[in-house]
Amino acid sequence: MTIGIYGLGRFGQFWGSLLAKTPARILGYNRSPRAVISSIELVSLEELGRCDCVFLCTAISSMPQVCMTLAPYLAPETLIFDTCSVKIYPTKVMAEKIPLSNPILPLHPMFGPDSANQPDLPLVMCPDPRNNPRSTKLFAAWQQTFTNLGLRVLPMTPEEHDQEAARTQGITHFIGRILGELDLHPSPIGTLGYRKIFEVREQTCNDPWQLFLDLQRYNPYTKSLRAEMDVAFRKLMGTLETLTDDSGE
């Protein structure tokens, strides 16, 4: 089997190193020259399109352009995965831009290079939105492959994923970016709670700024969550101001 990876940034190379644990040959393509790890063989776009499957490891906002660029080079029936952190939008884009003969399986590894050192890592798999005849069999086969890699596969619809992700990943990245605006440093008297929020800041701020923007823009459920957070923040600040006034300060 040949596995292709389109996009060899930090996550793409990390994902390639994970897939290299399978018996497959790992091929990769990047739009600009880039040094890559030894387990990934750099190839042309034409060669990538002939792989048995291709994982799109690109920014959410770049999905339309990436799909249009890749589509003419795809061999019939090559399986296409995305790895985006939202699912409704990229699923719609792939359904529109990828040829009908190519099965589509939307995917979201709920971890990255900074959080992969944990057991039982979750990975969301969504069904093919176009019901390609081969999709059911491919879904089952890849579910087993990911399970063999030690991942916990969670079948979901794109809508279920985005609703849940807004209240988990979305809020984590939002709070992490707020913490990133503060002058926080490791401290010898830091409590366990402090060390944990410091880890959240470091983990989220290591990810590209574009990922944060795309999470907030392309998940339709993050806007309402931000509004809830704003109400909660104002309520808490109001309570503290009342207490301060009562104390005579």
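The values are calculated or read from the model by the stated rules, or taken from the named source; none is laboratory data. The shown structure was predicted, so the numbers you read here are calculated from the model rather than taken from an experiment. Glycine also receives a Cβ, built like all others from the backbone with ideal geometry; neighbour counts cover every protein chain displayed.
Of note:
- A residue that is in contact (Cβ under 8 Å) with a residue 24 or more places away in the chain, surrounded by 15 or more Cβ atoms within 10 Å (Cβ to Cβ) and part of a loop (DSSP other than H, G, I, E, B) occurs nowhere in region 138-155.
- First in region 110-135 and under 30 Å from C205 (Cα atoms), second anywhere and modelled with pLDDT under 90 and loosely packed, with under 15 Cβ neighbours inside 10 Å, Cβ under 6 Å, 6 or more apart: D114/N206
- Residues satisfying the stated conditions in region 177-198, i.e. assigned to a loop (DSSP other than H, G, I, E, B), surrounded by 11 or more Cβ atoms within 10 Å (Cβ to Cβ) and in contact (Cβ under 8 Å) with a residue 12 or more places away in the chain: L184
- Residue that is surrounded by the fewest Cβ atoms within 10 Å (Cβ to Cβ), among those in region 2-15 that are touching a strand residue (DSSP E or B) at 6+ places or on another chain (Cβ under 7 Å) and part of a loop (DSSP other than H, G, I, E, B): G7
Rundown of residues vs (1) within 22 Å of L211 (Cβ to Cβ); (2) of a type in the set (F, W, Y); (3) over 13 Å from the mean Cα position of the chain (by Cα), yes/no style:
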residue	(1), (2), (3)
T69	yes, no, yes
E77	no, no, yes
S101	no, no, yes
V124	yes, no, no
P127	no, no, yes
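- Region 29-62: number of residues that are of a type outside the set (A, V, I, L, M, F, W, C), over 24 Å from E77 (Cα atoms) and part of a loop (DSSP other than H, G, I, E, B): 5
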